[in-house]
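Presented below is the structure to which this report refers.
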Amino acid sequence: AKCHLYMDRVREELNYFASQGNSGVAVPFAYLAKRVDAELKIRLYGEPGSEHGTDESATATLKEIADSGAGRHNVDVEAHYKLGLIEISRARDNGELHMLWNEDDIITQEEDALVKARTYFRAAIQHAPPASFNLTKNILRCLALVSGPKAGSEPGLATSALIHISVGGSSRSIVRDALGREQDEFRVFDDELLDHNAKVDAVGQLLKSSAHLIPRNWNISTMASCPTGEVLVTSLHISVSYGEKVAEISTTCIFPASTANHSNGSPYGIHADILTPLDRIIERSQRQLHGMTEEVQNKQYDEELSRRTWWNERHSIDEELQSLLEFAEKTYFSKSDVKQRLIPNELFASEERDGSSFDDDSSECSDFGPGNLSSKFEAAECEHSKSVSSLVDDFDRETERSNLTMLTVAVIKSKLSSYLTEKNLRKMRKSELIDLLLSEMENSHSRKKIERAAPISATCRHGASAVSAKSPPKCSYEMDGRNLGEPCTVLVLDEHLLRFPFESMDMLTNITITRVPSLPFVLATLSETKSLHSIATPMVDPRKVKYVLDPESNLSESASTLGPALKSIASKGGLEWEGVVGQIPSSEFMSHALSEEKGLYLYCGHGGGEQAFSRSQIEEFIGGRDDGIRGCRASIVLMGCSSGKLKSVNTPKENPYDHIHTMHYEPEGIALTYLYAGAPCVVGNLWDVTDRDIDRYCLTLMEDFLQYQGDDFCPKVSSSLAKCVASARRACKLRFIVGSAPVCYGLPVVCSPFSLDS
């Protein structure tokens, strides 16, 4: 096979000469031999750090290859790339790399390792293939690594752009090619008409201009693992400066916690410490669940010893995953600079203070069912109202002043912008800004205290005179687009990190988290929604829910549980949802369910529902509308095993979890296919789960998200679907191996209020 590869390269050389009009000119055999020799050497060379990588003669060979081919072939690109890796190793050993990320970059000598590494990576990227290729991803991330957090004329912008370009190239290209537009959010990242520098500049400008579209309480956090073991985390969120929205961009580097290197080609860093242990845990769970049909399940429940043994294994797996999540947070993600990129304090301070709101004893949740979910939720809400009422009694000005003193001037101005829109803050000192903000906060507190004294609950439930009978009730989130609900972090994860359940780390447990394959999916969905409606926030209309249960007719217990429960949830609001139970839905049903504006499609069955509607059928929605907007307008909830799992098409069957060296194509799955087609939000499971636990989760999720109050159906809670995905984990007996599986792709859609008369 390798010989065929090398001879193909020779044919490429001949074709190149022929394309230059030299078909009649004899190609010197010595030249072809030199090219084949270069191929052999680059393949047999091994990675830096191996027995070949540290040898001076190997370095000399790489330099010879890099200088010989005029950059026309991947072998020349690889040679420059591997030379850059050698210099990164030197920079790590002599401390330059840590200084670059932990202190000011004071290295100016041209012979230092970082400067050489930048030179090699820049030479490699000039002739590299598209960003969807593994080689190009690695070059981009290594170039970002050696550039540091302050590189460029606009500090940090170029580094962040490199990281964004390196993640999600295949996903972008699928949508870009299907839409066929000359210019849009998907094309700028991979525009073949731009050279590397122009492309980085264009993406940097897109990051800056995204401030006009991205809500102020969202944080876009992109994480990419370098081939050298480091993880780069770049954050994009919006602040307000002098009345204008500004994109705040910052990047940090997580260095490998493990001391092991990759001298023998084995995983290292976050791969060895977190991802490989995760894969083993999931593989262990998959083995236990393999072949677990209802018949086998019922038999095991009839035998007490086997039932106890089976559950002991499940709890052991659950505890092992919990320990891994705690280790990952403590070792890699709890440091202040990393945490600030994931959940910026200026956005999430209040969320962290309320972190215990979803903590429930699993024993209390184990008997959740359609009959008692609502009462439990209302009781919790009543207790919450009492606690809030006690919190608004007094305003402690000195405590608030002490808290504000710890913030930066920019953050204080940002907080003031929520109270004042026109006042000029430019010439005010920090102490003056704090005094002004304290006054506004105290006034706001007084208003809330007065409002608490009024019988608001009676007004909302019974339509008292405080609100006109013809006026819709005021919901807890604004509908003019200024306040789009709770703060949210959107994770953009690379091809390795996307399989880890970050959402279940303790620091993120109660945070609204979603995932997208690349930043353009955020911008495109917001833009499409804004063009169709007055605001950019995607919504779900509870009158437009459709569901498919057990289409293969082999999950009778789930169907008999979920069917009546869903009807009960709908009937509480006087609604009737259309559903198909125990049979494959028609293409017409599915097309209508997916294309309905503000719709919600729920699937409960095996996998991601491909038997109900194939991926190829879903992909037809990408360019299916005449107005250029993608055709899937409904949000999607897929409650089947591994419905949210993303997998590379060339993953080996023998060792499916050895991703680090075998993944040649970006992971894909039906959840991403729905996102490609335009779905604002897709909920799916990262791995296989047990039906009873996930059924409890599904009912909790639906009732939390679609609970309404009052005659005009204002949402009872303002939480997004993504926030409800997090809070519904409380319903699972196995909090981690089942509760951590559901994740939310896309954007945090919210439930829209409506009037029954409308």
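The values are calculated or read from the model by the stated rules, or taken from the named source; none is laboratory data. As the structure is a computational prediction, the values presented were derived from the model and not from experiment. Virtual Cβ from ideal backbone geometry, glycine too; neighbours counted across all protein chains shown. Only protein heavy atoms, including side chains, enter the accessible area calculation; ligands, DNA and RNA are left aside. Shrake-Rupley method; radii C 1.70, N 1.55, O 1.52, S 1.80 Å.
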task = Give a quick list of GluC sites (Glu not before Pro) in the range 135-198 that DSSP marks as loop, anything other than H, G, I, E or B, with at most 12 other Cβ atoms within 10 Å.
result = E182, E192
For I254, net neighbour charge (Lys/Arg +1, Asp/Glu -1) across residues whose Cβ lies under 10 Å away = 0
request  = Note down the nm distance, to one decimal, between modelled labels 7 Å out along Cα→Cβ at K208 and at T405.
outcome  = 3.7 nm
ask   = Taking 0.36 nm per residue of separation and subtracting the Cα-Cα distance, what length does fully extending L194 through E597 add?
value = 141.4 nm
ask   = Ordering W311, W577 by how much accessible area each has at a 1.4 Å probe, largest first, what is the list?
value = W311, W577
inquiry  = Testing the spin-label approximation: label points 7 Å from Cα along Cα→Cβ at Q583 and D112. State their distance in nm.
reply    = 7.2 nm
ask   = What's the local net charge at A117, with K and R +1, D and E -1, over the other residues with C-beta under 10 Å away?
value = +1
remark   = Extension length gain for K63 and W310 (0.36 nm per residue less Cα distance), in nm, is 83.1 nm
Surrounding net charge for G579, when Lys and Arg each add one and Asp and Glu each subtract one, Cβ distance under 9 Å = +1
message = Show me the ranking of peptides 734-745, 625-636 by mean Cβ neighbours inside 10 Å, starting with the highest.
response = 734-745, 625-636
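Report the calculated FRET efficiency for H127 and S431 (r = Cβ-Cβ distance, R0 = 51 Å), to the nearest 0.05.
That pair, H127 with S431, gives E of 0.35.
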inquiry  = Along the charge dipole of the range 512-570, pointing to its positive end and built from +1/-1 on Cβ of Lys, Arg, Asp and Glu, which listed residue (P564, P520, L532) has its Cα farthest out?
reply    = L532
message = Would the range 502-648 count as rounded, prolate or oblate if I go by the C-alpha gyration tensor, calling it rounded below 1.5 in a/c and otherwise prolate when a/b exceeds b/c, oblate otherwise?
response = rounded
message = Averaging the inverse of every distinct alpha carbon separation and then flipping it gives the Kirkwood radius. What is it for the range 590-643, in angstrom units?
response = 11.6 Å
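State the extension gain, in nm to one decimal, for the chain segment bounded by D396 and S571, taking 0.36 nm per residue of separation less the distance between their alpha-carbons.
Value of the extension gain: 58.5 nm.
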task = Mind giving me the nanometre distance, one decimal, between the label points for L532 and E283, set 7 Å out from Cα along Cα→Cβ?
result = 4.3 nm
message = Going by amide H atoms built from the backbone, whose H comes under 5 Å of the H on R515, apart from near neighbours?
response = L491, C744, Y745, G746
request  = Would you tell me the accessible area of E304, worked out with a 1.4 angstrom probe on the heavy atoms of the protein chains, in Å² to the nearest 10?
outcome  = 110 Å²
query = What are the residues whose amide H is under 5 Å from the amide H of I238, where those residues sit 5 or more places off or on another chain and H is modelled from the backbone?
reply = W218, E248
